[in-house]
Every structure is written in C-alpha cells, then in structure tokens.
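Take a look at the structure set out below.
Just so you know, all these numbers are worked out from the coordinates, no wet-lab data involved. Just so it is clear, the structure is predicted and the values come from calculations on it, not from any experiment. Neighbour counts run over all protein chains shown; Cβ positions are idealised from the backbone, glycine included.
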Amino acid sequence: MPPKYNIHTSPVPNRFQSITKSGVIAWEEGCLKCARCVKKECVYKVYEKRSLDTRQMLDTLDSECQDCFRCVQNCPNRLIQKGLNPTYKVLGDHYWTPEIISSLWFQAETGRIPVSGGGYGGPFSGPGFDAMWTDMSEIVRPTRDGIHGREYISTNVDLGRKLMFLELGPDGSIVSPAPPLVEIPLPVIFDILPWSPPREKINLSLLECAQSLGTFTVVRQSDLTPDLEKYLPHIIVHVDGKPENLPPELIKRLRMIEIPDSENVMAVQAMLKEENPQLVVIIRMPLNSNASERALQLTGQGAEVLHLYADEYGLEEVDQPLFIKERVKEIHLRLVEEGVRDQITLIASGGIAMAEHMAKLIICGADALTIDIPLLVAMECRVCRRCKEGIACPVEIDQVDPAWGSARIRNLMAGWHNQLLEIMGAMGMREVRRLRGEMGRAMFFEDLEKEIFATMGKRG
C-alpha cells in the first residue's frame with residue numbers, strides 16, 4: 001500500500017490587516033472615566049495594541065478583537081458596541097460572498113478546516129451547488145477517529161484516454177497500444193486566472209505550489225518565460241497562439257498541453273502527438289447546449305481529455321445558461337449511455353469556490369477540476385476586480401513573494417483535501433475515482449421538488 005498523501009502546512013500570516021465580519025464601536029462621548037476602565041481589563045490587550053494601518057486606513061481594533069464581548073457587557077455606560085463591519089459587507093459579490101472569501105482566507109492562513117461551532121443556521125437549498133446535498137450516511141466514530149485515523153483513502157486520479165479492453169498476442173503479451181496517462185495525487189489543477197494584476201510573481205506562486213503538491217498549473221503559451229523552464233514537469237501549456245509556433249523541443253519536454261476546441265482540433269492533437277507520443281492533450285471546450293454532442297463526437301474521434309469550462313459564476317456564456325453541475329451531469333450521462341464514458345477524462349471548471357463544490361462536481365461526473373479565483377483569494381484577493389479595470393491591486397498581489405504565495409495556496413489545498421477526505425469517509429468510500437458520477441450519493445433539490453409537487457392540484 002502506498003503511503004498516505006498528506007499536505008504539510010504551517011501558519012502563514014497575512015500581509016495586510018484582515019477584514020473581519022464584526023467591528024468595534026467605542027464611543028468617547030459620555031465616558032464616565034471609571035477608575036478601572038474595561039478597556040484596560042481586556043484579556044487580549046486589544047486596546048493596548050490598537051493602531052492605524054496607514055496603508056489601508058483601517059483601525060486595527062477590529063482585527064485584534066477576539067469577540068469575547070467582555071468590554072461590551074461590562075462598560076457601565078454601554079459605550080462599546082459590536083456591529084457588522086461595513087467593509088466586510090461589500091467584499092466580493094452575490095456569488096463570491098464575504099463568507100466564502102473570509103473562509104478561504106482562514107484556510108490559507110492556517111491550513112485548517114473552518115468550523116463555526118454553532119451549527120448551520122442558513123437555508124437548506126439555494127442556487128447552484130447549494131441545491132445539491134451529499135450523502136453522509138456512513139459516518140462512523142468521527143469524533144474519535146477523525147480523518148487521519150480512518151482507513152486509507154486515495155485521492156489520486158488519472159488524466160488521459162483509457163482502453164476499454166486489452167488485446168493479447170499468442171504468447172499472452174499485451175499488444176494493445178497503451179495511451180499515455182498522467183496521475184495526480186489530488187483531483188485539482190490550477191487554471192488560467194480570469195483576471196489578475198501582472199502575473200509574473202503570481203504564476204511563480206502557483207507553480208511552486210503545484211510542484212510541491214504534485215499537480216499542475218495551466219500557463220498560457222504567451223506567458224512562458226525562460227525562468228519557468230524548471231517547472232515544465234508541472235506545467236500544462238495552454239496554446240493561445242499558433243500551435244505550429246511551439247518549439248518541438250518544448251513539446252517533447254511537456255507531459256500535458258491544452259488546446260482550444262476548433263474545427264481542426266483533432267488535427268492539432270495529431271500534430272502534437274507526432275512530436276511527442278507520450279504527451280497528454282487536453283481539449284478546452286465551453287459549456288453550452290451542444291456540449292454533450294460535441295463531447296461525444298470528440299470522444300469518438302480519439303480525444304484524450306476534455307476541459308469543460310463555465311464562467312466564474314459557474315454559468316454558460318449563453319442567453320439562458322445552465323449551471324455547471326447540470327451540464328456536467330448531462331455530458332457524463334450521455335457518454336455513459338453511449339458506452340464510452342470510461343474512455344475519456346473530463347475536467348470541469350467554473351464557479352468552484354469551496355471544497356464541497358469539488359466533491360459535488362465529481363459526483364456530477366467530472367474526473368478532476370481546475371480552480372482559479374480561490375487561488376487569488378488565498379493570496380488575500382478581495383474579489384474587487386479593480387485589476388480588471390487597470391486599477392492597482394489594493395493588496396498588491398502582483399508583488400507577492402512566491403514562497404509566501406505558494407505556502408498560502410498549499411494551506412488552502414490542505415484544507416480542501418481534508419474536507420474531501422471527510423466527505424468520502426462519511427460516504428464510506430476509499431477512492432475518489434469511485435466518487436465520479438455517483439449521483440445516487442447525492443440529492444438534487446430540483447428533482448425532489450418535481451417529485452414531491454408533481455401531483456399537486458391533480459385529482460385522482
């Protein structure tokens with residue numbers, strides 16, 4: 001049995017003052033000048049450490065406060081209050097919510113799974129991934145065993161085309177040509193960022209982390225520079241120029257390459273495979289109403305890996321878009337129906353913001369997935385998209401130390417990996433490959449709604 005895959009973590013402090021959900025309001029007017037002020041009795045010395053962060057023009061009081069409420073309760077004139085931080089409220093947008101962003105920050109800083117301790121107090125359904133519930137019926141002694149005390153659980157996945165059967169020669173030897181496969185220990189690849197400040201140091205952070213985790217980072221052909229050469233074993237080159245302009249010596253050194261879908265995409269794949277037969281070629285295709293037919297067509301033509309992508313909200317870029325989980329389910333089931341699902345590898349991306357989204361997308365039929373915005377958030381991004389407008393990044397992500405950025409992303413991936421183990425352990429599953437397409441392990445609100453309310457208003 002191979003050793004357990006474990007991601008080593010260590011606390012990585014923020015460069016900028018963190019934005020907390022609650023803020024402290026301490027009024028001076030009306031102060032009774034008590035002989036022993038509650039501020040001086042703060043067990044965390046919050047008021048003594050108080051200062052002004054001049055870079056962000058933020059009072060450090062909010063981030064230092066540990067929410068014990070002792071000063072709020074003990075001030076005789078009720079001059080100290082806790083309220084919702086207005087800066088926190090405006091983080092992100094309707095999808096990349098302040099709660100998601102702050103959770104990603106916590107995981108990137110600590111490497112731990114975020115636990116509220118108060119149970120879930122929100123609605124049990126919503127849009128997107130929130131309309132999907134996973135099966136947790138096999139939980140056994142979680143408080144005693146924990147995720148590291150359970151039996152070995154594998155998160156390895158294979159990327160490439162698979163054989164449906166083997167051909168044997170008269171002497172019993174295998175004569176079937178074996179397609180190349182690439183195995184990664186975690187079903188996550190770092191994708192092209194939808195927007196970011198200048199990417200030089202950001203790409204180095206992603207590549208350093210991908211190398212330490214044993215996975216890959218997608219890098220545009222136009223972003224390749226000589227200083228990235230040492231990371232080639234962990235780079236998937238995304239061809240954003242002419243494929244024929246790729247140097248043959250580069251193609252021979254790559255393990256995987258990504259090309260955009262087009263009418264002649266299979267000819268491009270053949271050209272690349274001629275240069276390097278062991279190269280795994282990924283075809284990047286958008287999700288839309290024709291995606292299942294296109295996926296079936298490419299599978300029949302010999303495609304190895306399909307990268308199905310949606311936008312940053314998990315939606316197709318069409319007038320009436322489906323959410324990514326619905327379209328991936330459709331594609332997976334169509335390939336199963338035609339008896340070719342096991343030949344092809346499906347990678348999905350778009351709208352993946354939390355560890356649970358990773359597990360849910362695999363249940364819907366993806367073999368692996370790519371992430372983008374969570375990588376930026378790990379490096380303190382606030383999803384303000386100012387860089388998209390050409391405005392300077394407020395947290396200077398373009399100036400990060402690659403070692404710091406890599407450590408933050410590694411902590412985030414450790415948290416996600418542990419949560420994936422939690423989910424699989426609760427399902428009684430020991431291998432993430434088995435999780436693919438296991439839709440019986442989940443409930444979908446849309447299906448339940450139709451089933452329950454289908455007969456309402458009808459007379460027997």
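Miscellaneous remarks
- Shape category assigned to the range 351-459 from the gyration tensor of Cα positions, a/c cut at 1.5: oblate
- When the charge dipole of the range 240-339 is built from unit charges on Cβ atoms (+1 for Lys and Arg, -1 for Asp and Glu) and taken about the Cα centre, the candidate among 296, 315, 248 whose Cα reaches farthest toward its positive end is 248.
- Take each peptide in 63-75, 229-241, count the other Cβ atoms within 10 Å of every residue, and average; sorted highest first, the result is 229-241, 63-75.
- Between helix 98-110 and the chain: long-axis angle, C-alpha atoms, 0 to 90°, nearest 10: 80
- Each Lys and Arg adds +1 at its Cβ and each Asp and Glu adds -1 at its Cβ; summed about the Cα centre, the range 387-460 shows a dipole of about 480 debye.
- Rounded to the nearest 10 degrees, the angle from helix 291-300 to the longest Cα principal axis of the chain is 40 degrees.
- Listed peptides 24-31, 418-425 by packing density, highest first (mean Cβ within 10 Å): 418-425, 24-31
- Principal axis box of the range 153-192, alpha-carbon based, largest edge first, Å: 46, 27, 13
- The length gained by stretching the chain between residue 278 and residue 66 to full extension, at 0.36 nm per residue less their Cα-Cα distance, is 70.9 nm.
- Legend: calculated FRET efficiency, residue 431 to residue 52, from the Cβ-Cβ distance at R0 = 51 Å, rounded to 0.05, equals 0.45.
- Peptides 12-23, 282-293, 442-453 ordered by average Cβ neighbours within 10 Å, highest first: 282-293, 12-23, 442-453
- Gap separating the Cα centres of the range 427-446 and the range 334-357, nearest whole Å: 12
- Karplus-derived 3J(HN,Hα) values for the range 341-353, using 6.51 cos²θ - 1.76 cosθ + 1.60 with θ = phi - 60°, are 4, 6, 7, 10, 9, 10, 10, 10, 7, x, x, 7, 10 Hz; glycine and proline are entered as x.
- Each Lys and Arg Cβ is given +1 and each Asp and Glu Cβ -1; about its Cα centre, the range 22-85 then shows a dipole of about 260 debye.
- Extended-chain gain in nm, criterion 0.36 nm per residue less alpha-carbon gap, residue 162 and residue 36: 38.0 nm
- Measuring r between the beta carbons of residue 27 and residue 136 and using R0 = 56 Å, the FRET efficiency lands at 0.75.
- Each Lys and Arg contributes +1 and each Asp and Glu -1, all at the Cβ; summed about the Cα centre of the range 157-449, the dipole is approximately 540 debye.
- Each residue of the range 312-326 is assigned a 3J(HN,Hα), and the resulting list reads 5, 9, x, 10, 6, 8, 9, 5, 10, x, 8, 6, 4, 5, 5 Hz, derived from the Karplus form 6.51 cos²θ - 1.76 cosθ + 1.60 (θ = phi - 60°), x at Gly and Pro.
- Dipole axis of the range 22-85 (+1 Lys, Arg; -1 Asp, Glu on Cβ), positive-most option in 27, 84, 44: 44
- Our estimate of slack between residue 403 and residue 384, defined as 0.36 nm per intervening residue step minus the Cα-Cα distance, is 4.4 nm.
- Residues whose placed amide H lies under 5 Å from that of residue 154, excluding near-sequence neighbours: 431, 432
- A viscosity of 1.567 mPa s and a temperature of 4 °C, combined with the Kirkwood radius over Cα pairs in Stokes-Einstein, give a translational diffusion coefficient for the range 22-85 of 105 µm²/s.
- Its Cα gyration tensor gives the chain an equivalent ellipsoid; the semi-axes, largest first and in whole Å, are 44, 28, 21.
- Around the amide H of residue 58, modelled in the peptide plane, lie the amide H atoms of 53, all under 5 Å away and 5 or more residues distant in sequence or on another chain.
- If R0 is 60 Å, the Cβ-Cβ spacing of residue 288 and residue 73 corresponds to a FRET efficiency of close to 0.60.
- Across 252/388; 162/252; 242/273, pairs whose alpha-carbon gap is larger than 26 Å: 252/388
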